[in-house]
Amino acid sequence: QKEVEQNSGPLSVPEGAIASLNCTYSDRGSQSFFWYRQYSGKSPELIMSIYSNGDKEDGRFTAQLNKASQYVSLLIRDSQPSDSATYLCAVTEGTGGFKTIFGAGTRLFVKA
Amino acid sequence: DAGITQSPRHKVTETGTPVTLRCHQTENHRYMYWYRQDPGHGLRLIHYSYGVKDTDKGEVSDGYSVSRSKTEDFLLTLESATSSQTSVYFCAINPGQGGYTFGSGTRLTVV
């Protein structure tokens, strides 16, 4: 059974701090990695994708991938109360989004 | 979300009744997916489609069937609803960048 594991949280950080979210996966054949943000009662929204080892930055978000250790992380710099949401890690075998496996999500609270 | 709509948004049904959820896309994408989301389990794949009349099972397909007679529509049917199928159901498309675009979801309650 292929698995994606996340700490359910909640993770609480003060406004302006760096939030660090982590995810591990079991399938070494995984090639594509995604982070989604989901506000309460809403649908998930794709915020980051990463396909190769290292860091990928987009605004205040940085995704980090380490395939040897089978983990992917998301850093949110200068956290804002509007970042309070559940963050889902997702992993897929190929690059086409085929049969993506999702983690259960980490709840993030950013305190003003 | 732009280009993908689900209906109904909310539904309450009785145990043993059939239920059909609809997903409609306007962007002509080949792949469409049905997921359910439950507390503690995250999103789990029910069925997916890779073209008209081409569908396959996901990890939690028991009790569900799907149909795709047109590119734009992907239907999920609960043949005989059970309380364990109370969940939030999301349809998704793959726009090609690798990640999904999700519909707004259907909250289904089976009483």
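Values quoted throughout were computed directly from the atomic coordinates according to the rules given, and no laboratory measurement underlies them. Predicted, not measured: the structure shown is a model, and the values here were computed from it. Cβ placement follows ideal geometry from the backbone for every residue including glycine, while neighbour counts extend to all protein chains displayed.
For the stretch B:74-89, the Karplus equation 6.51 cos²θ - 1.76 cosθ + 1.60, evaluated at θ = phi - 60°, returns couplings of 9, 9, 10, 10, 9, 5, 8, 4, 10, 4, 5, 8, 5, 5, 9, 10 Hz by residue, with Gly and Pro reported as x. Note that chain B shows a convex hull volume over its alpha carbon atoms of 91 Å³ per residue. If you take the Cα centroid of the stretch B:45-111 and the Cα centroid of the stretch A:32-92, the two points sit 24 Å apart.
Projecting the Cα atoms of A:S30, A:S43, A:S8 onto the dipole axis of the stretch A:1-62, where Lys and Arg carry +1 and Asp and Glu carry -1 at the beta carbon, places A:S43 farthest toward the positive end. Of all DSSP beta bridges confined to the protein assembly as shown, the antiparallel ones make up roughly 90%. Averaging 1/r across all pairs of distinct Cα atoms in the protein assembly as shown and inverting the result yields a Kirkwood radius of 17.9 Å.
With +1 on the Cβ of every Lys and Arg and -1 on the Cβ of every Asp and Glu, and nothing else charged, how large is the dipole of chain A about its Cα centre, in debye rounded to the nearest 20?
140
Based on C-alpha pairs under 8 angstrom that are at least 6 apart in sequence, chain B has a relative contact order of 36 percent.
Starting from the Cα gyration tensor of the stretch A:23-112, multiply each eigenvalue by 5, take the square root, and state the resulting semi-axes largest first in whole Å. All intermediate terms of the calculation are to be shown ahead of the outcome.
Working: eigenvalues 100, 43, 23 Å².
Square roots of five times the eigenvalues give 22, 15, 11 Å.
Top mean-square fluctuation among B:G58, B:G99, B:G16, Gaussian network model of chain B, C-alpha springs under 10 Å? Greatest mean-square fluctuation among the candidates belongs to B:G99.
Over the Cα atoms of the stretch B:55-111, the radius of gyration divided by the Kirkwood radius equals 0.98; this is the Rg/Rh ratio. For the peptide B:36-42, the mean number of other protein chain Cβ atoms found within 10 angstrom of a residue's Cβ is 4. In terms of the Cα gyration tensor, with a ≥ b ≥ c the square roots of its eigenvalues, is the stretch A:11-63 rounded because a/c is under 1.5, prolate because a/b exceeds b/c, or oblate? It comes out prolate by the Cα gyration axes.
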